Amino acid sequence: MAFEGLADRLQSTLQKIRGKGKLTEADVNEMMREIRLALLEADVNFKVVKDFIKRVKERAIGQEILQSLTPGQQVVKIVHDELKQLMGGEQSKIAVASKPPTVIMMVGLQGAGKTTTTGKLANHLRKQLNRKPLLVAADIYRPAAINQLQTLGKQLSLPVFSLGDKVSPVEIAKQAIEKAKEEHQDYVLIDTAGRLHIDEELMQELVDVKEAVKPDEIYLVVDAMTGQDAVNVADNFNEQLDITGVILTKLDGDTRGGAALSIREVTDKPIKFVGMGEKMDALEPFHPERMASRILGMGDVLTLIEKAQTNIDENKAKELEKKMRTASFTFDDFLEQLGNVRKMGPLDELIGMLPGANKMKGLKNVQIDEKQLVHVEAIIQSMTPKEKESPEIINASRRKRIAKGSGTTIQEVNRLIKQFDEMRKMMKQMTGMQKGKGKKKGNF
Ligand code: GDP
């Protein structure tokens with residue numbers, strides 16, 4: 001999971017001061033030292049760390065903070081604010097040209113995930129924003145790049161424009177835009193050529209395409225797992241192409257998070273999206289505030305609900321929201337949601353979005369294996385309707401019967417009932433959080 005180590009360290013550092021009624025300058029200094037180490041260990045750019053610490057310290061040592069009634073909480077808020085600023089402050093949305101089509105040039109090094117991301121972005125534009133994108137195969141050098149894009153187009157039922165590999169990328173891009181106009185396609189996504197390393201020839205070609213088509217956006221795709229290399233690549237591309245945004249891929253595999261926390265500050269260009277997996281729906285708009293909350297263990301309930309809304313139909317989503325709000329969730333709902341949740345993405349990632357989830361025993365490093373899920377389903381199906389409604393009536397003899405009926409063990413039945421109970425409690429906590437913003441802090 002992204003930011004795992006950093007999240008753990010920051011949360012335990014902040015935990016120490018959270019409840020303190022009085023903070024001294026020495027407390028703040030000690031805390032800053034720990035935060036500094038945590039950020040460096042997460043592979044955040046050295047200068048970025050230095051400036052970040054300076055800003056937090058200046059604000060934290062301000063008279064009104066140290067002498068306030070809740071200095072610990074105020075400092076937590078400052079760290080949250082500054083993390084949010086570090087990642088760009090507000091969400092940076094995708095451009096819309098005054099006259100369609102909006103042209104987006106996708107650039108990046110080979111292997112970063114450029115072609116995959118082009119497909120994901122087209123899918124996002126259509127599914128979330130109701131747009132009509134045209135994919136353009138302008139990577140004429142990498143063998144199979146054109147085929148790869150065509151395959152993605154087929155899979156997504158989206159049109160792909162290609163003139164093979166004998167026509168120049170500038171010509172392909174120009175003709176694609178004409179075609180989009182004729183066909184009333186409102187977005188054009190140009191998958192340009194990548195290289196293993198930055199070289200002059202590649203840059204010249206990208207500059208030529210840029211000058212010829214005057215794109216509304218130039219998105220650089222970089223691999224988060226390469227850490228500071230990704231930041232250097234971004235800096236370099238930005239210098240030569242003046243990119244408009246970054247898409248950070250493979251954040252699902254990046255446990256440190258250094259690139260995500262450094263890129264904005266180093267390049268002054270926003271992160272627009274993050275890639276969270278190989279599937280076509282594994283692309284999330286980047287929200288600095290939500291990401292800061294995730295890092296500090298406050299959860300990201302908004303993204304979770306958005307995911308639910310894309311994968312479950314609207315009425316069902318409303319029902320789910322109501323059930324969570326009133327905590328009247330039964331085992332029947334659980335069974336149904338299990339199916340839905342599996343469509344939403346890897347479970348460890350979803351759990352990471354729940355407030356305080358990493359503090360809950362049993363949820364941390366949870367590994368769901370499919371066989372176990374089949375057992376869970378069998379256990380629930382062996383319950384009587386009444387038991388599903390009111391799990392508290394399931395006593396020892398009922399547990400025995402359920403285990404026998406489902407072909408599982410009493411331990412498994414016990415574990416499931418306990419987990420279900422914890423889940424309901426967590427829903428209550430989430431509900432509390434959404435009602436009053438001030439209560440957020442209570443989840444540390
Ligand atoms: P390109 O050379 O930049 O066009 O790279 P590709 O689009 O061919 O992607 C390279 C590899 O990275 C492929 O195996 C993709 O499935 C994988 N990939 C791309 N984005 C992500 C992501 O967000 N998460 C993960 N786990 N894999 C990704």
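Quick note: the coordinates plus some simple rules give every number you see, no bench work behind them. For clarity, every value in this text was computed on a predicted model and none was experimentally measured. Cβ placement follows ideal geometry from the backbone for every residue including glycine, while neighbour counts extend to all protein chains displayed.
The H on the amide N of residue 108, modeled in the peptide plane, is under 5 Å from the matching H of 221, each at least 5 residues off or on a different chain.
Highest mean packing first, where packing is the average number of other Cβ atoms within 10 Å per residue, the peptides 285-293, 23-31 line up as 285-293, 23-31. Sparsely packed loop sites in the stretch 46-107 (the GluC sites (Glu not before Pro) outside DSSP H, G, I, E and B with at most 12 other Cβ atoms within 10 Å) comprise 90. The modelled label-to-label distance between residue 374 and residue 321, using points 7 Å beyond Cα along the C-beta direction, is 3.7 nm. In summary, the aspartates and glutamates within cross-link reach of residue 93, defined as a Cα separation below 13 angstrom excluding same-chain residues under 8 places away, comprise 216, 217, 284.
The alpha-carbon positions of the chain define a convex hull whose volume is 161 Å³ per residue.
Looking at the stretch 25-125, the trypsin sites (Lys or Arg not before Pro) that sit in a DSSP loop and have at most 15 other Cβ atoms within 10 Å of their own Cβ are 93.
In a Gaussian network model over the chain where Cα atoms closer than 10 Å are linked, find which of 14, 156, 220 has the largest mean-square fluctuation. With Cα springs under 10 Å in the chain, the top fluctuation among 14, 156, 220 is at 156.
Counting helices only, and only those DSSP H runs with n ≥ 4, report the 222 nm mean residue ellipticity of the chain as the sum of -39,500 (n - 2.57) divided by its residues, in deg cm²/dmol to the nearest 500. It comes out at -17500 deg cm²/dmol, rounded to the nearest 500.
Rounded to the nearest 5, what % of DSSP beta bridges with both residues in the chain are antiparallel? The answer is about 10 percent antiparallel. With each label modelled as a point 7 angstrom along the Cα→C-beta vector, the residue 8-residue 144 pair spans 3.6 nm. If Lys and Arg each add +1 and Asp and Glu each add -1, what is the summed charge of the other residues whose beta carbon sits under 12 Å from the beta carbon of residue 140? Spelling it out: positives minus negatives among the neighbours equals -3. Extension gain, residue 333 to residue 396, is 20.4 nm, computed as 0.36 nm per intervening residue step minus the present C-alpha separation.
Take the Cβ atoms of residue 77 and residue 211, set R0 to 45 Å, and the FRET efficiency comes out at 0.45. Residues whose amide H lies under 5 Å from that of residue 163, counting only those 5 or more places away or on a different chain, are absent; hydrogens are built 1.01 Å from N in the peptide plane. Classify the stretch 135-221: rounded, prolate or oblate, from the alpha-carbon gyration tensor (a ≥ b ≥ c, eigenvalue square roots; a/c under 1.5 rounded; otherwise prolate if a/b is larger than b/c)? Oblate is the answer for the stretch 135-221, as a/c is 1.5 or above yet b/c matches or exceeds a/b. Annotation note: trypsin sites (Lys or Arg not before Pro) in the stretch 129-220 located in DSSP loop regions with a Cβ neighbour count of at most 10 within 10 Å are 166. Approximating the spin labels as points 7 Å out from Cα along Cα→Cβ, the residue 198-to-residue 33 distance works out to 3.7 nm. For the stretch 259-272, backbone phi angles converted through the Karplus equation (6.51, -1.76, 1.60; θ = phi - 60°) give residue-by-residue couplings of 5, 4, 8, 9, 4, 4, 5, 6, 9, 6, 10, x, 7, 8 Hz, Gly and Pro being listed as x.
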